[in-house]
Amino acid sequence: MNTVPHAAPAPIASRPTMIEFRDVHKYYGDYHALRGINATIKAGEFFSLLGPSGCGKTTLLRTIAGFEDISSGAVLIDGKHMADVPANVRPTNMVFQSYAIFPHLTVEQNVGFGLRREGGTSAEKARRVEEALEMVGLKGYGKRAAHALSGGQRQRVALARALILKPKVLLLDEPLSALDKKMREQMQVELIRLQRQVGITFILVTHDQEEALVMSDRIAVMFEGQIAQLADPETLYRRPNSRQVANFIGVMNFLPARVLTEAAGRIAIDVQGLGQTEIDATQAPGAITGGETSVGFRPETLTMLYEGQTTTERETPGTIEEVVYYGDMTYYDVRLDGVDSPVRISMRNVFGRPVLDIGTRTRVAWSAGALVLFR
Amino acid sequence: MKGQGLRLYAILYLIFLYAPIVLLPIFAFNDATIISFPLRGFTTKWFAALADLPTLHLALKNSLIIAVSSSVLATTLGIFAARASTRYEFPGKGGLMGLIMLPLVLPEVIVAMSLLMVLLGIGIDLAIWTVILGHTLICTPFAIAILSAAFQSLDKSLEEAAYDLGESKLSTFRLITLPLVMPGIISSLLISFTISLDEFIIAFFLAGSEPTLPVYIYSQLRFPKQIPAIMALGTILVALSVLLLTIAEYFRRRGLKKTGAKDTGGFL
Ligand SMILES: Nc1ncnc2c1ncn2[C@@H]1O[C@H](COP(=O)(O)OP(=O)(O)O)[C@@H](O)[C@H]1O
Ligand SMILES: [Mg+2]
């Protein structure tokens, strides 16, 4: 996993608003691409738009850049309505999915492109280009032909070119999707570092949930033109407000459940296989209506107990149906007694404890605090 | 065996295509008025004779003016049309583009005649510019076809990026779009120039008293003693065409190399 030193930034909630969407709708002909987007993005925030392909992430990003007119509602940047502000004067710059490096120009001509309109001597501009190249780790590449660069280098040129104008907001449309896994992970760390360094708002579009979790201060999960949940990564992972969000982010087990009583911030439920238990109302982030529903829990919140091992948590017996060995981890699919479909359990492989075989009877420890209740 | 037949076909085809052209320089340098073998001896007098034909000079000048003007006009119109058809969706686009491309398949004699009737009908005197009009009309579809391909291969986000970086729509076009479609523009200019230069029917109908090169050549074929000089003229034209294509191909390849684009085939 990537790590970046934390400089204890101000809490998100206390920062001034940079972008505001007010009931934004967008139609392409009859197609309703954005269906009432309401959200605020704070100054200096690393914000991600996450969702499956075609859910409207790019469209929403382009309404900020000014490339897409909205059908109704309002987009505000730094408190100003953007309705009549064309893209070329908005305080935003964009890193395109294809990078859009000008193939007929050199690296430094690409990076310095936005400076054409600015005052200042050419020596001053050359210095700024050099600085921008250094910032993205391309010092000395200025004279190269842009079309001869590798994917990762093009990405850096695109970043330098967008950042040189010191925009209030940097927009990134799936900037890492064209890179291989290693390069992608390296660029994730670099993007976080860059964002801390320049301190401006970054808005990232991605369909990769892991990327969003690693990089973002907050994430808006989108489905079909709507924001399903907007929260920080930990909340999204631990307290998804719908099965759809839960399924999109990481792996989530589901079991049928029934709400028994609801009182004083506590909810009593009966879960198939696990039996009766009580959870906190905060563990039901989506609206619940009572009656038949389901609970979810992440694979790592379950533990398989070994022969003779005892637990202070609740335990349920089951049979191992599938074993997938990952080196540091093993994934077990275990069918709990009295449950229709197996649940996935991830166990860290510890020296001295063998990987268990298919068909082994086992006991699974779980705690009510790790459950999420869905409607 | 199949390959053999194909090779034979290719050889025959090339002979059929190029033999007449090879004959041009042979007889242009032949010291005889009659076009027949055996050859009589080497001479350059037919080329020298070209210098003493004032009507030829006028025809050449007219043809050049017409070819340059109509290729520039057709290419300019082509840029607008190709740009509109590749970037924007509008109602009736398919039908409109079809109409614009129609002269491509319309018999030229029909185009020439209808233009002539219109021009005479509204009482306009025939002159060089009426030929330019006709040639622009027939060259524009070719220009659009070539330029559409060029605009189509242009990534839309390149223009958006330039606009995003503060340029106006116009300067974006000048700084990004134009340089990147330049190979297409050169191709279009060249093809239009060539089409116009050797076009006969429209020039014949619409030129009035101003001869163009093909019209002049046709008129001279009635005088047998002029034929070797025409051969010499033809030789010069072939040499110039080859030179022109070579230059254009050079610029096209250089353009490709500069932008690192894939070679999708040119003229040569
Ligand atoms: N210019 C357009 N015209 C018509 N439909 C479009 C256009 N752009 C996007 N769409 C549609 O809008 C939806 C959302 O697109 P997009 O924002 O690109 O999705 P994402 O970036 O989340 O993959 C898609 O169904 C797409 O087909
Ligand atoms: Mg997209």
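The values are calculated or read from the model by the stated rules, or taken from the named source; none is laboratory data. Remember, it's a predicted structure, so these values are computed and weren't measured experimentally. Positions of Cβ are generated from backbone atoms using ideal geometry, with glycine treated the same way; all protein chains shown enter the neighbour counts. Ligands, DNA and RNA are excluded from the accessible area calculation, which covers all protein heavy atoms including side chains. Shrake-Rupley method; radii C 1.70, N 1.55, O 1.52, S 1.80 Å.
Stretching the chain fully between B:Ile11 and B:Ser241 yields a gain of 80.5 nm (0.36 nm per residue, less the alpha carbon separation).
Annotation for the B:A interface, with buried accessible surface near 2000 Å², both sides summed [1.4 Å probe; non-protein components not counted].
Restricting to DSSP loop positions (anything but H, G, I, E, B) with no more than 14 other Cβ atoms inside 10 Å of their own Cβ, which chymotrypsin sites (Phe, Trp or Tyr not before Pro) remain in the stretch A:133-231? Passing both the DSSP loop test and the Cβ count: no residue. Between B:Ala49 and B:Leu96, the FRET efficiency estimated from the beta carbon spacing at R0 = 60 angstrom works out to 0.75. Shape analysis of the stretch B:1-160 places it in the oblate category; the axes a ≥ b ≥ c from the Cα gyration tensor give an a/c of at least 1.5, with a/b not above b/c. The order of the peptides A:205-215, B:112-122 by mean Cβ neighbours within 10 Å, most packed first, is A:205-215, B:112-122.
Here the simple spin-label model places points 7 Å from the Cα toward Cβ, and for A:Lys139 and B:Glu249 these points are separated by 4.7 nm.
Per 0.36 nm of contour for each residue apart, how much would the distance between B:Leu221 and B:Thr33 grow if the chain were fully extended, relative to their Cα-Cα spacing?
That pair, B:Leu221 and B:Thr33, stretches by 66.4 nm at full extension.
With respect to chain B, whose longest principal axis is taken over its alpha-carbon atoms, helix B:178-197 is tilted by about 30°. Among B:Ile146, B:Ile176, B:Ile132, the residue with the largest mean-square fluctuation in a Gaussian network model of chain B, with springs joining Cα atoms closer than 10 Å, is B:Ile176. Taking a straight Cα-Cα cut-off under 13 Å and skipping sequence neighbours fewer than 8 places away in the same chain, the aspartates and glutamates within cross-link reach of A:Lys139 are A:Glu108, A:Glu130, A:Glu131. Using a probe radius of 1.4 angstrom, the carbon and sulfur fraction of the accessible surface of the protein assembly as shown is 61%.
Restricting the calculation to Cα atoms, the stretch A:251-374 shows an Rg/Rh of 1.00 when the hydrodynamic-style radius is the Kirkwood one.
If you bin all the Cα-Cα distances of the stretch A:136-235 at 10 Å, starting from zero, the percentages per bin are 13, 45, 32, 8, 2. Averaging over all projection directions, the Cα-based convex hull of chain A occupies 23.3 nm² in the image plane.
Here is the list for the stretch B:55-138: chymotrypsin sites (Phe, Trp or Tyr not before Pro) lying in DSSP coil, each with at most 13 other C-beta atoms within 10 angstrom of its C-beta, are B:Tyr88.
Partner chain Cβ atoms within 10 Å, averaged over the residues of A:92-104 - can you pull that number for me?
6
How high is the relative contact order of chain B, in percent, with contacts defined as C-alpha pairs under 8 Å that are six or more residues apart? The value is 30 percent.
Under 8 Å for C-alpha pairs, at least 6 residues apart: give me the relative contact order for chain A, rounded to a whole percent. Please report the intermediate quantities before stating the final value.
Numbers: 767 pairs, mean separation 56.2, N = 375.
Reported as a whole number, the value is 15 percent.
Residues whose amide H lies under 5 Å from that of A:Phe202, counting only those 5 or more places away or on a different chain, are A:Glu45, A:Phe46, A:Phe47, A:Leu170; hydrogens are built 1.01 Å from N in the peptide plane. Pairs of Lys residues in chain B that lie 8 or more places apart, or on two chains, and have C-alpha atoms under 28 angstrom apart add up to 12. Taking every C-alpha pair closer than 8 Å and separated by at least 6 residues, the mean separation divided by the residue count of the stretch A:172-265 gives a relative contact order of 19 percent. Return one number: the angle in degrees, 0 to 90 and rounded to the nearest 10, between the long axis of the Cα atoms of helix A:181-198 and the longest principal axis of the Cα atoms of chain A. Taking Cα atoms only, the helix is inclined about 60 degrees. With Rg and the Kirkwood Rh both taken from Cα atoms, where does Rg over Rh land for the stretch B:47-259? Dividing the radius of gyration by the Kirkwood radius yields 1.05.
Where in the stretch A:313-348 are there chymotrypsin sites (Phe, Trp or Tyr not before Pro) that are in a DSSP coil and have at most 10 other Cβ atoms within 10 angstrom of their Cβ?
The qualifying sites are A:Tyr326.
Remark on the stretch B:81-160: Rg and Dmax equal 16.0, 50 Å (Cα only). Put simply, when A:275-283, B:63-71 are sorted by average Cβ atoms within 10 angstrom per residue, most first, you get B:63-71, A:275-283.
Quick check on the protein assembly as shown: what are the equivalent-ellipsoid semi-axes from the Cα gyration tensor, as sqrt(5λ), descending, whole Å?
72, 28, 25
Mind pulling the angle between the C-alpha long axis of helix A:122-135 and the longest principal axis of chain A? Nearest 10 degrees, somewhere in 0 to 90. Once rounded, the angle reads 20 degrees.
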